[in-house]
Amino acid sequence: MANLSHPSEFILLGFSPLGELQILLYGPFLVLYLLAFIGNTVVIITIFVDTHLHTPMYFFLGNFSLLEILVTMTAVPRMLSDLLASHKVISFTGCMVQFYFYFSLGSTSFLILSDMALDRFVAICHPLHYGTLMSGAVCAQLAGAAWATPFLAMVPTVFSRVHLNYCHGNVINHFFCDNAPLLQLSCSDTRLLGSWDFVMALAFVLSSFLVTLVSYGYIVSTVLRLPSASGRQKAFSMCGSHLTLVFIGYSSTIFLYVRPGKAHSAEVNKTVALVTSVLTPFLNPFILTLRNETFKAVLRGQMQRLKGLLQVL
């Protein structure tokens, strides 16, 4: 590079330290990616076509499944192609675009998770006012804000990365343009950027996590006061799949982007990032179906109707 202060491209190191063995990762990662795409697509289509699922809870679940598809599309196809490539390069512009969409979509998914927690809170703690408090207009506004706010807030973040001086080389020790590896290549003063990143983490990850915790604190308190054991079981069953998504999503993200010090090795960070970008999107459709009796019943009905239609044809 003639001018490494603003390189025309970056080299994504990815899994190159594995040498020839990295090719063996292609098959499993491709299968997980395709299953994640198919599974989340099935969830979206099932919610869209069945009127029994046209409720706020499933509206937010459909948004979350769409986000899982889009998040994986920002990083995984590129990672798969790099596993088979000898020269793993991405243009500077492509890197910034990937950075923008990955973190915007990821932040949106956490806000949608908090919207889901609010929905369960209203349904269980204020059931008589549920139709008013969680009307179609309110749900659309909550989802719209969850989508728009991160995409607007990430604009100055991306512009700050564009104007950094990258004088420590152009090799990113990751399989996508992650934040920490990019900052390690810069010789600019990034202390202000670190403070801004922390504010962003507070705004989208920790704040939504706090909303979720408070909502479930009230939910648990309300459910434990129910006189019927079957009522308590039904209420907890309604929240089981969402709580599982919350645990998986927040634990890995807080480890990567909110934990103090960020002293773990690049290989550990790449492994955890694989969980958020490959494994979690693959697991989510199964979590939604296996722990949700209503969704399973609707899905079985749709499959039976599809089978009958195919037999007629």
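The values are calculated or read from the model by the stated rules, or taken from the named source; none is laboratory data. Only a predicted model underlies this, so the values are computations on that prediction, with no experimental measurement involved. Neighbour counts are summed over all protein chains in view; Cβ atoms, including those assigned to glycine, are modelled from backbone coordinates with ideal geometry. Please note that ligands, DNA and RNA were not included when accessible areas were found on the heavy atoms of the full protein model with its side chains. Shrake-Rupley method; radii C 1.70, N 1.55, O 1.52, S 1.80 Å.
What the table below lists for this structure:
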| read-out | value |
| --- | --- |
| All positions within the stretch 70-99 that are among the hydroxyl-bearing types (Ser, Thr, Tyr) and either surrounded by fewer than 21 Cβ atoms within 10 Å (Cβ to Cβ) or in contact with a Cys (Cβ under 7 Å, 6 or more places away or on another chain) (or both) | 81, 86, 91, 93 |
| Selection count, the stretch 153-183, where residues are farther than 21 Å from residue 254 by Cβ and outside any loop (DSSP other than H, G, I, E, B) | 9 |
| Residues of the stretch 32-88 that turn out to be over 19 Å from residue 119 (Cα atoms) and out of contact with any helix residue (DSSP H, G or I) (no Cβ under 9 Å at 6 or more places or on another chain), as a count | 5 |
| Residue within the stretch 35-53 that is closer than 24 Å to residue 9 by Cβ, open to solvent by 40 Å² or more (accessible area, probe 1.4 Å) and outside any strand (DSSP E or B) present | no |
| Test: residue in the stretch 111-119 that is in contact with a His (Cβ under 7 Å, 6 or more places away or on another chain), over 28 Å from residue 226 (Cβ atoms) and open to solvent by less than 50 Å² (accessible area, probe 1.4 Å) | no |
| Selection status of residue 59, in a helix (DSSP H, G or I) and in contact with a Leu (Cβ under 9 Å, 6 or more places away or on another chain) | yes |
| Number of the condition not met by residue 151 [criteria: (1) within 28 Å of residue 36 (Cβ to Cβ); (2) aromatic (Phe, Trp, Tyr); (3) surrounded by 18 or more Cβ atoms within 10 Å (Cβ to Cβ)] | (3) |
| Hits in the stretch 5-28 - residues which are over 23 Å from residue 171 (Cα atoms) and open to solvent by less than 50 Å² (accessible area, probe 1.4 Å) | 27 |
| Leading residue by the ranking (farthest from residue 43 (Cα to Cα)) among those in the stretch 277-312 that are loosely packed, with under 13 Cβ neighbours inside 10 Å and small (Gly, Ala, Ser) | 308 |
